[in-house]
Amino acid sequence: MDRIRIKGGHRLHGTIPISGAKNATLPLMIASLLTEETLILDNVPRLADVGQLQRILGNHGVDVMVGGKRPGETPYDGQTLHISAARIVDTTAPYDLVSKMRASFWVIAPLVARMGQARVSMPGGCAIGTRPVDLLIMALERLGADIEIDGGYVIARAKDGLKGGEITFPKVTVGGTHTAIMAASLARGTTVIENAAHEPEVKDVADCLNLMGARISGAGTSRIVVEGVAKLGGARHRVLPDRIETGTYAMAVAMAGGDVLLENGRADLLQAGLDVLVEAGAHVSATNAGIRVARNGAGLAPVEVKTAPFPGFPTDLQAQLMALMTCAKGTSHITETIFENRFMHVQELVRLGAHIHLDGECATIEGVGKLTGAPVMATDLRASVSLVIAALAAEGETMVNRVYHLDRGFERLEDKLSACGAAIERIAG
Ligand code: EPZ
């Protein structure tokens, strides 16, 4: 298994290109199941999760063609995928495929909407809490699907197709909102989704579905209305930039010091995260080319942050912020309100010399003068990258083990950071 070695203490200077968003790419690829025509996605990041979803879709009979290199293209330009679900040959998504990635459970919605049936294994994914699928099931039931749970599989049936309905989510769920929108797009009649997720990735998927012929309004707000259509067609859509990757590198610059342009990063997708960075003492400015983040010399101020659904501070940046706050001048508090067990990075940050105390959903971080390099390992994607951030400022060498978590969600992480002066390398193993 590959490892990443980091020698701390180097400031970052230069440009980091931001890739297409993982959390938009995955539902966009799944949306291809809704049509017999080809969906073309540009700016797709080269990530292990994208490859894994390609295998899952392949099992349903979907062909995925990856576009070849184009003149002037750099290794950082996203891929173009041509996805064709002309003939779905299998409506089962088996355990060995779905257990590796939670988002793959979402295939249940387009499969039942288009084929009238789906049999999908209960999901797996990052170890960040129990992460049930009850609200996704509720949404499908509200659209008339019969649901049965048997042998670890959720079986959804709608022999005569789905029917529009009212779906009110008791809590904001991104996956639930994706599921409801995809299913409702091919249902007969109108669906109203209340307390929908506002996340920009939801809006990106709805924009793509509308290009495919769907009739969705209100995406990006808490009330989404979907007028079902009989069929969807092909489309070409460019995946929006990854706001979590953007925020992660912004925190890396704040941690290591320096001055970096996050090329293609969009401040409007990340305002809450950028506000916290400014409060901590980083300089942040939005430019036409992206977001510039700098910190020169001055110490970091502590912060009080609670994660929240968009437009609040994202749970997917909580671990990275905690890494940053380990070196603040004072005590910070970070409260995780979305997932009950998303603190797997704490004990690893402590190995590097951080002072963190956990009390339920609240972490108290007492800033220390310096961190010291050590071997570390993480059990989820964002936790892994928080260790990279901490290592950038730690004295000596840090070895981050189990790098496959990073490869799930960060494209060419070590190349992007080393191009800006970080001493970081991958050791194949
Ligand atoms: C999406 O996960 C993201 N994944 C996550 O990104 C992200 O952390 C999360 O949204 C919150 O922003 C993708 O987009 C692929 P939820 P999702 O349904 O949809 C509870 C990353 O690192 N819930 O919004 O699975 C749930 O347990 C990740 O890229 C139920 O109770 O998250 C959680 O507490 C990991 N019942 C809360 O809702 C349900 O049926 C929000 O989860 C569904 C969810």
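Quick notes
- Separation of alpha-carbon centers, the range 1-45 and the range 85-122, rounded to whole Å: 22
- Using θ = phi - 60° and Karplus 6.51 cos²θ - 1.76 cosθ + 1.60, couplings along the range 303-317 (whole Hz; Gly, Pro as x): 9, 10, 9, 10, 6, 7, x, 3, x, x, 6, x, 4, 6, 10
- Rg/Rg_globular for the range 163-215, with Rg_globular taken as 2.2 N^0.38 Å and Rg from C-alpha atoms: 1.06
- Computed P(r) (all Cα pairs; the range 116-206; 5 Å bins; percent): 3, 14, 24, 24, 21, 11, 3, 0
- Surface analysis of the range 173-328 yields an accessible area of 32 Å² per residue, using protein heavy atoms and a 1.4 Å probe.
- Solvent exposure ordering (accessible area, 1.4 Å, most first) of Val350, Val225: Val350, Val225
- What the Cα convex hull of the range 1-149 gives, in volume per residue, is 157 Å³.
- Ranked packing of 45-57, 247-259, 309-321, 150-162, most packed first, by mean Cβ within 10 Å: 247-259, 309-321, 45-57, 150-162
- 3J(HN,Hα) couplings calculated from phi for the range 24-40 with the Karplus curve 6.51 cos²θ - 1.76 cosθ + 1.60 (θ = phi - 60°) are, in sequence order, 9, 4, 4, x, 5, 4, 5, 5, 4, 5, 7, 9, 7, 8, 7, 9, 9 Hz; Gly and Pro show x.
- Long-range HN-HN contacts of Thr92 with modeled amide H, under 5 Å: Arg119
- The packing ranking, built from the mean of other Cβ atoms within 10 Å per residue, places the peptides 335-342, 192-199, 111-118 in the order 111-118, 192-199, 335-342, highest first.
- Karplus-derived HN-Hα couplings along the range 239-254 (A = 6.51, B = -1.76, C = 1.60, θ = phi - 60°), whole Hz, x at Gly and Pro: 5, 6, x, 7, 6, 6, 4, 4, x, 5, 5, 4, 5, 4, 5, 4
- For Lys163, the residues whose modelled amide H falls within less than 5 Å of its own, excluding neighbours fewer than 5 places apart on the same chain, are Gly144, Arg188.
- Formal net charge of residues neighbouring Ile224 (Cβ-Cβ distance under 10 Å; K, R +1; D, E -1): +1
- Measuring only protein heavy atoms, the 1.4 Å probe finds Val174 accessible over about 50 Å².
- Angle of helix 381-393 to the longest C-alpha principal axis of the chain, folded into 0 to 90 degrees and rounded to 10: 20°.
- At 1.567 mPa s and 4 °C, Stokes diffusion of the chain via Kirkwood alpha-carbon radius, µm² per second: 59
- Working note: Cα atoms of the range 268-372, range along each principal axis, descending, whole Å: 40, 33, 18.
- Excluding same-chain neighbours fewer than eight residues apart, the aspartates and glutamates reachable from Lys159 by a Cα-Cα span under 18 Å are Asp90, Glu141, Asp146, Glu148.
- Over 23 Å (Cα to Cα) - which of Lys203/Lys231; Lys69/Lys100; Lys69/Lys416; Lys7/Lys370 fall in this group: Lys69/Lys100
- The range 378-429: projected area of the alpha-carbon convex hull, averaged over directions, in nm²: 3.5
- Across the range 309-400, the mean sequence separation of Cα contacts (distance under 8 Å, 6 or more residues apart), normalised by length, yields a relative contact order of 33 percent.
- Of the residues Ala298, Ala206, Ala328, the one that moves most in a GNM of the chain with alpha-carbon contacts below 10 Å is Ala298.
The values are calculated or read from the model by the stated rules, or taken from the named source; none is laboratory data. As the structure is a prediction and not an experimental result, all values here were calculated from the model. Because the Cβ atoms are built from the backbone with ideal geometry, glycine has one as well, and the counts that use them run over all protein chains shown. These area figures cover heavy atoms from the full protein model, side chains too; ligands, DNA and RNA do not enter into them. Shrake-Rupley method; radii C 1.70, N 1.55, O 1.52, S 1.80 Å.
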